[in-house]
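Everything below concerns the one structure shown next.
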Amino acid sequence: MKYLKPKIVFQEVPDETALVFPISGCPRQCPGCHSPDLQSQETGALLTSQIYQDYLTRYQEFVTCICFFGGDQEAATLVPFLRLARQHKLKTCLYTGACLVPPEIHQELDYLKTGPWIASLGGLDSPGTNQKFVDLLTGKVLNHRFWNHHATK
């Protein structure tokens, strides 16, 4: 599994400070994708267990959640990374353009964003989007947390 440099973000997972790992090789190739650099399997460097462990150790005091942008196409590789994050007492999240993820991934997640990018429907910040962001512990869809309430009033 190849990745691009992770970043700490505040807006991708409501009420969490997340360390996001962008994973390359997305098979969906959605037209108008906001991360076209993740479509190529040639982009990025190999995410090894040691590199991942080093990131978890370095950022554990600063983040509450580990979020993968993609990676579900390589479930056998992704699942151990999710489990390791949980061992570090971090929540887990996956952003995918798929509508469903394999059960072995699903059971390791606290949050899940599903659905392909469809430009005419917009992303999570659009009330009309086809995408869903779900808190898997409560089953609640949290899309409304991404809307700009000032613009919709």
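Throughout, read-outs are computed from the coordinates displayed, never taken from laboratory work. Computed from a predicted structure; not experimentally measured. Every residue, glycine among them, receives a Cβ derived from its backbone with ideal geometry; neighbour counts consider all protein chains shown.
Look at region 75-103: where a residue is free of Cβ contacts under 8 Å to residues at least 24 places away in the same chain and a partner is crowded, with 16+ Cβ neighbours inside 10 Å and among the polar types (S, T, N, Q), sitting 6+ places away or on another chain with Cβ atoms under 9 Å, you get 86/92; 99/114; 100/114.
Taken together, the criteria exclude residue 76 from residues that are in a helix (DSSP H, G or I) and either surrounded by 12 or more Cβ atoms within 10 Å (Cβ to Cβ) or of a type in the set (D, E, K, R) (or both).
Of 21, 62, 81, all but one fail to be outside any strand (DSSP E or B), aromatic (Phe, Trp, Tyr) and surrounded by 12 or more Cβ atoms within 10 Å (Cβ to Cβ); the exception is 81. In region 1-23, the residues that are free of Cβ contacts under 8 Å to residues at least 24 places away in the same chain reach residues that are in a loop (DSSP other than H, G, I, E, B) with C-beta atoms within less than 7 angstrom, at least six apart or across chains, in these pairs: 10/17. All of 74, 108 fail the test of being touching a helix residue (DSSP H, G or I) at 6+ places or on another chain (Cβ under 9 Å) and among the acidic types (Asp, Glu), apart from 108. Of all residues in region 17-34 being more than 18 Å from residue 131 (Cβ to Cβ) and not polar (S, T, N, Q), which is farthest from the chain's Cα centre (by Cα)? The qualifying residue farthest from the chain's Cα centre (by Cα) is 25.
Number of residues in region 33-52 that are part of a helix (DSSP H, G or I), touching a residue at least 24 places away in the same chain (Cβ under 8 Å) and farther than 19 Å from residue 93 by Cβ: the value is 2. Note on region 1-16: among residues that are under 15 Å from residue 59 (Cβ atoms) and among the aliphatic types (A, V, I, L, M), the one that is nearest to the chain's Cα centre (by Cα) is 13.
In region 118-129 there is no residue matching the filter, namely being touching an Asp or Glu at 6+ places or on another chain (Cβ under 8 Å) and part of a loop (DSSP other than H, G, I, E, B).
Among the residues of region 110-125, just one is closer than 24 Å to residue 66 by Cα, surrounded by fewer than 17 Cβ atoms within 10 Å (Cβ to Cβ) and without any contact (Cβ under 8 Å) to a residue 60 or more places away in the chain, namely 125.
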